[in-house]
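These notes are about the structure you will find just below.
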Amino acid sequence: MEFEKPWTEKYRPQKLDDIVGRDPIVRRLKSYIDKKSMPHLLFAGPPGVGKTTAAIALAKEIFGEYWKQNFQETNASDERGINVVREKIKDFARTKPIGGEFKIIFLDESDALTSDAQNALRRTMEVYTSTCRFILSCNYSSRIIDPIQSRCAIFRFGPLTNDAIKIMIKKIAHEEKIDLKEDGLEAIAYVSEGDMRKAINALQASSGIGDSITESLVYQVSSRAKPEEIKNMMKIALSGDFISSRRVLQSLLLEQGLSGEDIIMQMHRETFNLEVSDKEKVRIVDMIGEADFRLVQGANEFIQLEYLLANLSIG
Amino acid sequence: MLVEKYFPKNFSEIKGQQALVKDILAWINTWGSEKKALLIYGPPGSGKTTMVKVLAKELGYDLIELNASDKRDQTALNRIVGNAASSKTLFGYKKIILLDEADNIHGKEDFGGAKALLEIIKNTQNPIILTANSYWEVSQAIRENCKLVQFKRLQSRTVFARLKEIAVAEGINVDEKVLLKIAEQSGGDMRAAINDLDSLGKNIAMGDEKLVGSRDTEASIFEALSKLYTSNTIDVRKEFFNIDKKPDELLLWIDENTPKAYKGKDLLNSMNFISKSDIYLKRALNTRNYSMWKYASDLMTGGVSVAGITDSRYIPFSPPKYFQVLGSSKKARVTNNVILDKIGKKCHCSRKIARSYLPMIAILFLNPRKGALIANFFEFDMEEIKFIDEKNYRKIEHEREELLKIPEKKEKIKVVPVTIDKKVESKVEIIKKEKESQKESEKEEQQKNRQKTLFDF
């Protein structure tokens, strides 16, 4: 079957040397390849900066043709509950590595695990330490319990520089024979905010609409990619129409399956683009913060966000 | 029908409302000196209509009846009730006018009905009796012109006693415990209890009562909500003591209906108490200290009552949409998650990150060719494509079929000239078959994975 990959996959670096903008990290990782051994690793950093790419490339170089047999990817935020994670890890860890000394378990978004779950994970790490190495990735290393941190070599992945983003985007544009204008390239680097996934998706989306990639096309596309609904919901609430804004909230939460956390995060981001006074913006930020705190405490997403909307529309 | 067969024939057969018979008799015997209309309000099946019918029969009145199934707008009321109300008795026949379910006179369909009714009550020459489930849903002006009699919910043992009488008379083979259960389940609704008994037949076994009688108590929650919004007191919390809903569910009921009753600052203040109430619910849950539920309950009822007031007589209460939407959107959520899992698997990321691919995919879908190619990579099925792009999914599907045809054509052209050489042909066949079986096993694996992810939730 003929298909087209998303370019984030088509151009995902296969070797550590192909990774752009991560030289110091790549150098450290390569030393493990020479030694054919490694400790547990902790990759910390925001989305789209190369954590998963580095883990896969490392595995490919260490295990060569057997990398798939010796490398397992698990996502802690989707595989609800530590039991699922543990079972999956155990099953994988029990069997012997093929053609090598150890296997690698890559646990993505490990900071989504509760501290109880992390303690359980720590024990699992100890039990299988002779046959398994863990690479844990997370957005914030502070959310990983100390005992795990102390067992890992920590790698910090900051946002990518504009230059690194541009090198990659230019390379892809060349391969795909896309007419990429200089201002289009600048715009992609700007909207990406150091996130390579975002940058490449913006390029691919833009090429889906126009033949040559210009600044205005990139902005047009990236504004489409922004979830307008949350901004609209806030606007509706601010206009005083509480009932309608509440309906949008219900659809976001229940029909589209967004989490309260997602919505809060985007509402906060959108606050600064609203056409209200700075004083009002400060009030809104304060209220969003309160709602966020309540959600963290486990309160009902719908009711708390609804109160937030009531505050926007009436307060 | 047992309900009709055992309909009370005289006052002594009316169960449980004996004390009120005196009041009503006193009102009708001195009719004209006091209020000209009587409003009997109380829960369904407590005997309101029965009382009126027995009254008319025992005292020899003609009963002119108008219930909710009749059209009750201004003209209809004037025509039927108005005539009866204003015409005096000629040949010694006395009349009682019964307006059943008077709380349902409202809105567009009974346009002008409430106003006309008020006029009729003021000018009537004959006794008028209104019945209603909720005192609050009869307009204030009408209430003020009526003598009020409240029928309480019947007690289970009253209902039980009647059921027992009927069971004996009918020769129904049933244990008393079952009758008691049916009575309890009915929540004081005699009509419901007798209907339940009726529907179980002549031989009733233990446990059969579970087959009937799980009526919802929506009427009573509407009643309580109505009091909540029309009063301004923390005491309203008592109205919710007997409502059979857990506090978190009750909170959603109040949350759903508050914006219908209150506006502006009242609404904001209420939402404040609702959100605080929610916090107490979670504190109780987190600490396993369920005595904290009481703060949640007080805030969601008393708090909301004190936060505002409405003079609206008719609030269109409804059950929480939350559950409805949750139920109806379940399929959409599952599809959404399947899509995100497919993206996540191919792009090595969580659902959260996978979501960020959707805008790009949606843009590629605008071009059927590009859309088909990317859909092939993610192995989306038609339903999933439709979920992402309802407008273009057919074009994309069509394009996918076209893509499938191209390699087939090539093979046919190749195969035709070499049909003589059977070895080559069979080789082609083998390769084809191998490819197919490979695909099959791949598919199976995917299906397994998909089932797994679905199962995990």
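The values are calculated or read from the model by the stated rules, or taken from the named source; none is laboratory data. All of these numbers come straight from a predicted model, not from anything done at the bench. Virtual Cβ from ideal backbone geometry, glycine too; neighbours counted across all protein chains shown. Each accessible area value is taken on the protein alone, full model and side chains, heavy atoms only, with ligands, DNA and RNA left out. Shrake-Rupley method; radii C 1.70, N 1.55, O 1.52, S 1.80 Å.
Report relative contact order for segment B:309-382 in percent, whole number only (criteria: Cα-Cα under 8 Å, sequence separation at least 6).
Values: 29 pairs, mean separation 15.2, N = 74.
For segment B:309-382, the relative contact order is 21 percent.
In deg cm²/dmol and to the nearest 500, what is the mean residue ellipticity at 222 nm of chain A if only DSSP H runs of at least 4 residues count, each as -39500 (n - 2.57), divided by the residue total? It would help to have the intermediate numbers written out before the result.
Working: 16 runs with 180 residues, N = 315.
-17500 deg cm²/dmol, from helical runs alone.
Efficiency by 1/(1 + (r/R0)^6): what FRET value for A:Lys281 and A:Val127, r their Cβ-Cβ distance, R0 = 41 Å, to the nearest 0.05? Show your work: numbers first, answer last.
Numbers: r = 51 Å, r/R0 = 1.25.
Using R0 = 41 Å, I get an efficiency of 0.20.
Starting from the Cα gyration tensor of the protein assembly as shown, take the square roots of the eigenvalues, sort them a ≥ b ≥ c, and report rounded, prolate or oblate (rounded when a/c is under 1.5, otherwise prolate if a/b is larger than b/c, else oblate). Write down the numbers at each step before the final one.
Numbers: a/c = 2.40, a/b = 2.24, b/c = 1.07.
Prolate, because a/c is 1.5 or more and a/b exceeds b/c.
Just which residues of segment A:1-28 lose 10 Å² or more accessible area with every protein chain there, against their chain alone, with the probe set to 1.4 Å?
With the partner chains in place, segment A:1-28 has these residues losing at least 10 Å²: A:Met1, A:Glu2, A:Phe3, A:Glu4, A:Lys5, A:Pro6, A:Thr8, A:Glu9, A:Arg12.
Leaving ligands, DNA and RNA out of it, report the carbon-plus-sulfur percent of the accessible area of segment B:238-288 at a 1.4 Å probe.
Values: 1140 of 2410 Å².
Carbon and sulfur atoms account for 47 percent of the accessible area of segment B:238-288.
With springs only between Cα atoms under 10 Å apart, run a GNM on chain A and tell me which of A:Gly100, A:Gly257, A:Gly184 wobbles the most.
The residue with the greatest mean-square fluctuation here is A:Gly257.
How much accessible area per residue does segment B:279-363 have, counting only protein heavy atoms and a probe of 1.4 Å, in square angstrom? Spell out each step's value before the answer.
Numbers: 4010 Å² over 85 residues.
Accessible area per residue: 47 Å².
How much area per residue is accessible in chain A when the probe is 1.4 Å and only protein heavy atoms are counted (Å²)?
Working: 14670 Å² over 315 residues.
Here the residues of chain A average 47 Å² of exposed surface.
Compute the accessible area of each residue in segment A:176-219 twice, once for its chain alone and once with every protein chain present, using a 1.4 Å probe on heavy atoms, and list those whose area falls by at least 10 Å².
A:Arg197, A:Asn201, A:Gln204, A:Ala205, A:Ser207, A:Gly208, A:Ile209
Please report, as a whole percent, how much of the solvent-accessible surface of chain A comes from carbon and sulfur atoms (probe radius 1.4 Å). Kindly include the intermediate steps, with their values, before the conclusion.
Numbers: 7150 of 14670 Å².
With neighbouring chains kept in place, the figure for chain A is 49 percent.
Only residues of segment B:379-401 count here: report those whose backbone N is under 19 Å from the spot 7 Å along Cα→Cβ of B:Lys331, or say none.
B:381-394
How far is helix A:182-192 tilted, in degrees, relative to the longest principal axis of the Cα atoms in chain A, given as a value from 0 to 90 rounded to the nearest 10?
Tilt relative to chain A: about 90 degrees.
Could you check which residue among A:Pro147, A:Pro97, A:Pro13 shows the biggest mean-square fluctuation in a GNM of chain A with a 10 Å Cα cutoff?
A:Pro147
Beyond 29 Å between alpha-carbons counts as too far, so tell me which of A:Lys281/B:Lys346; B:Lys345/B:Lys391; B:Lys57/B:Lys147; B:Lys276/B:Lys331 fall in that bin.
Details: A:Lys281/B:Lys346 40 Å; B:Lys345/B:Lys391 26 Å; B:Lys57/B:Lys147 21 Å; B:Lys276/B:Lys331 32 Å.
Result: A:Lys281/B:Lys346; B:Lys276/B:Lys331 exceed 29 Å.
Kindly express, to the nearest 10 degrees and within the range 0 to 90, the angle between helix A:260-271's C-alpha long axis and the longest C-alpha principal axis of chain A.
The helix A:260-271 is inclined about 60 degrees to chain A.
Which parts of segment A:85-109 would a label at A:Arg143 reach, counting a residue when its backbone N lies under 16 Å from a point 7 Å out along Cα-to-Cβ?
From segment A:85-109, the list is A:107-109.
Could you run the numbers on buried accessible area between A and B, total for both chains, 1.4 angstrom probe, in Å² to the nearest 100? Please report the intermediate quantities before stating the final value.
Numbers: alone 17080 and 27310 Å², together 39570 Å².
For chain A against chain B, roughly 4800 Å² becomes buried.
Mind telling me which of A:Ile167, A:Ile25, A:Ile288 comes out most flexible in a GNM of chain A, alpha-carbon contacts under 10 Å?
A:Ile288
Taking accessible area as the heavy-atom solvent-accessible surface of the protein chains with a 1.4 Å probe, which residues of segment B:263-297 lose no less than 40 Å² upon going from the isolated chain to the full protein assembly?
B:Leu268, B:Met271, B:Ser275, B:Asp278, B:Ile279, B:Lys282
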